[in-house]
Amino acid sequence: MQQKIRKAIIPAAGFGTRMLPATKSIPKELLTIVDRPVLDYIVAEAFASGIEHVIIVTGRMKGAIEDHFDHAFELDVSLRNAGKHPLADRIAQNTPAAGSISFVRQQQARGLGHAVWTARHIVGDEPFAVLLPDMLMVADRPCLKSMVDLHALQGGNVIAVERCAPEDAHKFGIVSLKPTADGPIVTGLVEKPAPGTAPSNLYISGRYVLQPEIFDILEKQTPGAGGEIQLTDAMLTLMETQAIRPFEFSGRTFDCGMPAGFVAANLHMAAARPDLAPYVGIEIEALSLARRAVA
Ligand code: UTP
């Protein structure tokens with residue numbers, strides 16, 4: 001029987017430079033996909049996957065993230081006085097239960113691995129999930145839920161992977177795999193391999209289930225690509241002693257941390273809403289063109 005995945009870390013302390021100037025004063029994670037901050041969708045995915053406690057890593061200029069998940073007393077009273085009860089109810093339902101969301105500060109943006117490590121004391125000695133808040137992963141069944149289920153069956157670590165066209169592999173972090181009696185396991189991770197050298201066309205996407213030993217590795221991890229403490233570097237060390245299994249996600253992923261993915265996500269989510277679809281005014285063919293532009 002595997003230990004349940006109860007906690008999820010959402011690192012949200014980066015600068016979001018690819019979305020400047022929007023992110024000069026607005027956290028990238030609060031940019032809206034239609035009428036909800038992208039982070040809202042990610043937190044909802046975590047809770048829909050059975051997570052009981054979400055830990056958001058924030059930093060300077062990110063205070064609005066905490067406010068978004070707080071009970072907005074004045075707003076609630078004002079909406080109810082104006083008779084707007086359905087809207088007030090919707091906002092209240094969207095606020096996580098008290099104690100089910102915590103915030104930890106990453107004082108310096110030293111990389112994704114460092115951001116995950118800052119949550120170590122809140123996670124403690126148990127396996128946990130990581131969700132990247134700019135990766136909107138749309139599917140009938142939440143990506144993280146499938147990964148949590150895989151962990152319940154086989155234990156170890158699980159990373160979400162997706163398939164790209166082989167000629168695009170040089171744009172991504174690519175995994176190499178080896179078959180075992182219990183299904184494939186990850187044997188290597190290569191960040192943006194030179195064209196023609198990629199070991200597969202499966203790239204790491206934005207969800208992880210990790211064992212707590214990763215924290216000890218991150219503690220000693222030296223800066224890697226971009227001078228940042230990289231989660232993938234720590235995972236390379238972890239895989240020397242523990243299995244990392246791939247979960248191939250087959251839904252739609254939008255990288256909302258860059259303009260093409262952000263626009264495509266907004267078009268997709270608006271087109272899926274009956275009240276907004278007529279305003280989007282584009283056909284599915286145009287959407288798939290937009291999706292290709294993301295890759
Ligand atoms: P990204 O590399 O996509 O975010 O990290 P970024 O650094 O904010 O973006 P750019 O490259 O400057 O445009 C993935 C997630 O990890 C968080 C980010 O906030 C983002 O949600 N992150 C990254 C941290 O929390 N701390 C860091 O030091 C770096």
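Details
- Selection status of Ala12, within 11 Å of the ligand (Cβ to nearest atom), at pLDDT 95 or above, within 16 Å of the chain's Cα centre (by Cα) and not aromatic (Phe, Trp, Tyr): yes
- Matching entry among Val161, Val186, Val175, Val190 (being in a strand (DSSP E or B) and open to solvent by 50 Å² or more (accessible area, probe 1.4 Å)): Val190
- Scanning region 252-276 for residues that are in contact with a strand residue (DSSP E or B) (Cβ under 7 Å, 6 or more places away or on another chain) and either among the charged types (D, E, K, R) or open to solvent by less than 30 Å² (accessible area, probe 1.4 Å) (or both) yields Arg252, Thr253, Phe254, Asp255, Cys256, Gly261, Ala264, Ala265.
- Selection of first residues in region 10-35 that are closer than 28 Å to Ile122 by Cα and of second residues that are assigned to a strand (DSSP E or B) and more than 6 Å from the ligand (Cβ to nearest atom), restricted to Cβ pairs under 6 Å at least 6 apart or on distinct chains, gives the following pairs, ordered by first then second residue: Ile10/Ile56; Ile10/Leu131; Ala12/Ile56; Ala12/Thr58; Ala13/Thr58; Leu30/Pro37.
Every residue, every condition in (1) closer than 29 Å to Arg110 by Cα; (2) within 16 Å of the ligand (Cβ to nearest atom), yes or no:
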site: Gly156; (1), (2): yes, no
site: Pro166; (1), (2): no, no
site: Lys171; (1), (2): yes, yes
site: Pro199; (1), (2): yes, no
site: Tyr203; (1), (2): yes, yes
site: Val209; (1), (2): yes, no
site: Glu213; (1), (2): yes, no
site: Asp233; (1), (2): yes, yes
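- Within region 21-31, the only residue that satisfies the criterion of being over 17 Å from Asp70 (Cα atoms) and buried (at least 21 other Cβ atoms within 10 Å of the Cβ) is Lys28.
- Against the test of being modelled with pLDDT of 95 or more, more than 16 Å from the ligand (Cβ to nearest atom) and open to solvent by 20 Å² or more (accessible area, probe 1.4 Å), the options Asp149, Asp140 yield a single qualifying residue, Asp149.
- Given (1) within 30 Å of Asp182 (Cβ to Cβ); (2) in contact with a strand residue (DSSP E or B) (Cβ under 9 Å, 6 or more places away or on another chain); (3) open to solvent by 60 Å² or more (accessible area, probe 1.4 Å), index of the condition Leu131 fails: (3)
- In region 32-52, residue surrounded by the fewest Cβ atoms within 10 Å (Cβ to Cβ) [restricted to those that are of a type outside the set (A, V, I, L, M) and assigned to a loop (DSSP other than H, G, I, E, B)]: Asp35
- Qualifying residues in region 15-52 (those that are at positive phi and more than 9 Å from the ligand (Cβ to nearest atom)) - the one nearest to the chain's Cα centre (by Cα): Gly50
- The set of residues from region 178-197 being closer than 22 Å to Ala234 by Cβ and in contact with a helix residue (DSSP H, G or I) (Cβ under 7 Å, 6 or more places away or on another chain) comprises Leu189, Glu191, Lys192, Pro193.
- So Gln211, is it on the phi < 0 side of the Ramachandran plot, open to solvent by 20 Å² or more (accessible area, probe 1.4 Å) and at pLDDT below 95: no
- Scanning region 89-98 turns up no residue that is at pLDDT 95 or above, within 22 Å of Leu144 (Cβ to Cβ) and either hydroxyl-bearing (Ser, Thr, Tyr) or surrounded by 15 or more Cβ atoms within 10 Å (Cβ to Cβ) (or both).
- Tabulated pairs, region 82-105, first free of Cβ contacts under 8 Å to residues at least 24 places away in the same chain, second open to solvent by less than 60 Å² (accessible area, probe 1.4 Å) and assigned to a loop (DSSP other than H, G, I, E, B), C-beta under 8 angstrom, 6+ apart or interchain: Ile91/Ala72
- For Leu218, the criteria (1) open to solvent by less than 60 Å² (accessible area, probe 1.4 Å); (2) modelled with pLDDT of 95 or more; (3) touching a strand residue (DSSP E or B) at 6+ places or on another chain (Cβ under 9 Å) hold in every case but one, which is (3).
The values are calculated or read from the model by the stated rules, or taken from the named source; none is laboratory data. Just so we're clear, the structure is a prediction, and the values are computed from it rather than from any experiment. Glycine gets a Cβ as well: all are built from the backbone with ideal geometry, and neighbour counts include every protein chain shown. The area values use the complete protein model at the heavy-atom level, side chains included, leaving out ligands, DNA and RNA. Shrake-Rupley method; radii C 1.70, N 1.55, O 1.52, S 1.80 Å.
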